[in-house]
Amino acid sequence: MGADYVGLVIGAYCAEAGGSVVCYDSDIDKIQSLQRCKISVIDPDLQSLMARNKGAGRLRFTHDAVYSIHRAELIFITISRCSMPHSSCNCLSRTLKNVHRWGNRCEVILVNSTFGMDIS
């Protein structure tokens, strides 16, 4: 949940380890770029890792929250550092409510980025 830099790194490496990964973000334009393996940071290793795992069918991208949550066994919620902390809290609260509403009994891990890299 959250396809900024930290979410992409976690997703790509989990897929590389053999997991079936769905990266979710509410930004449709970002998801469309990610589906073409286009990222707006210069990280050729991440881009090739994403392309390899997407091609192998282990890494998918969606803006459909229900699809990303419904069958999940493990959910990483990535929160980027933000100049508006209330915005991050509202987003986290909404995401946790959706996990409760649509999820099965899955584990949730919250990852808070301590650096300010935003690829949007």
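Residues checked against (1) part of a strand (DSSP E or B); (2) within 21 Å of residue 99 (Cα to Cα):
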residue: 10; (1), (2): no, yes
residue: 13; (1), (2): no, no
residue: 31; (1), (2): no, yes
residue: 38; (1), (2): no, no
residue: 53; (1), (2): no, no
residue: 61; (1), (2): yes, yes
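Would you say residue 6 is out of contact with any Asp or Glu (no Cβ under 7 Å at 6 or more places or on another chain), exposed (fewer than 14 other Cβ atoms within 10 Å of the Cβ) and more than 20 Å from residue 100 (Cβ to Cβ)?
It is false that residue 6 is out of contact with any Asp or Glu (no Cβ under 7 Å at 6 or more places or on another chain), exposed (fewer than 14 other Cβ atoms within 10 Å of the Cβ) and more than 20 Å from residue 100 (Cβ to Cβ).
Go through segment 27-45 and give me each residue that's modelled with pLDDT of 85 or more and surrounded by fewer than 20 Cβ atoms within 10 Å (Cβ to Cβ).
27, 28, 29, 31, 32, 33, 35, 36, 45
The values are calculated or read from the model by the stated rules, or taken from the named source; none is laboratory data. Everything numeric in this text was worked out from a predicted model, so none of it was measured. Note: ideal-geometry Cβ built from the backbone for every residue, glycine included; neighbour counts use all protein chains shown.
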